[in-house]
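Worksheet: the structure to be examined is printed underneath.
Here, each number is a calculation from the coordinates, and none is a lab measurement. Just so it is clear, the structure is predicted and the values come from calculations on it, not from any experiment. Because the Cβ atoms are built from the backbone with ideal geometry, glycine has one as well, and the counts that use them run over all protein chains shown.
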């Protein structure tokens, strides 16, 4: 009997157990480019000369690229997004936020600032931010919000709250992410610039299989290996 149990133990060690290895691997290489702008020509006439003038190019991209996977809800807590208020300008104009996400609003000035936050079709709520400090604002409802600087009402920022709990924000350079807890099924991978959906790809996740997705973002364009590139236009 003892010998029989020993043989069973050896046999179980020799044959590995079947373990689910469902995973997707994401790689995004991002090169920050100039903000896109429509250039147009105007002529200045002073009675003697005509001066052709082209619109001054904008600066570097100020909004953030983000990756979401529709149908996938992460079990980990989403990272907080941050926006700064300085002078008559928000550091960002368009922010993407996961469901029940939090945005940190920082006042860089040496005096208090007030902002209002309004959900589409709803009443605005007012926040006062003390000098050189910040407040956290939770966005619990899906939809579009507008943040307005009460000192300079033309200074606004928009927030889009998605139905998903997963938002992967990209930084300049190489970005790598493994998602090991995704269940088999159908999903849509989307890439956003600010609050604008600029790329969509549908895919299937198969049990016990790993899949890789490699993208390159350059000059406002998303390029996928063996796929047609798309742009923000």
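Legend: ranking of residues 137, 192, 65 from fewest to most surrounding C-beta atoms inside 10 Å; resulting order 137, 192, 65. With kT/(6 pi eta Rh) evaluated at 4 °C and eta = 1.567 mPa s, and Rh the Kirkwood radius from Cα pairs, the range 139-204 diffuses with a coefficient of 87 µm²/s according to Stokes-Einstein. Once both labels are positioned 7 Å from their Cα atoms along Cα-to-Cβ, the gap between residue 201 and residue 32 label points is 2.5 nm. For the range 80-233, the calculated P(r), taken from all Cα-Cα distances in 10 Å bins from zero up to the bin holding the longest distance, is 9, 33, 30, 19, 8, 1 percent. Note on 216, 80: ascending count of other Cβ atoms within 10 Å places them as 80, 216, the fewest first. In terms of surrounding Cβ atoms within a 10 Å radius of their Cβ, 154, 168 rank from fewest to most as 154, 168.
Here, the range 67-153 is characterised by an Rg to Rh ratio of 0.99, where Rg is the alpha-carbon radius of gyration and Rh the Kirkwood radius.
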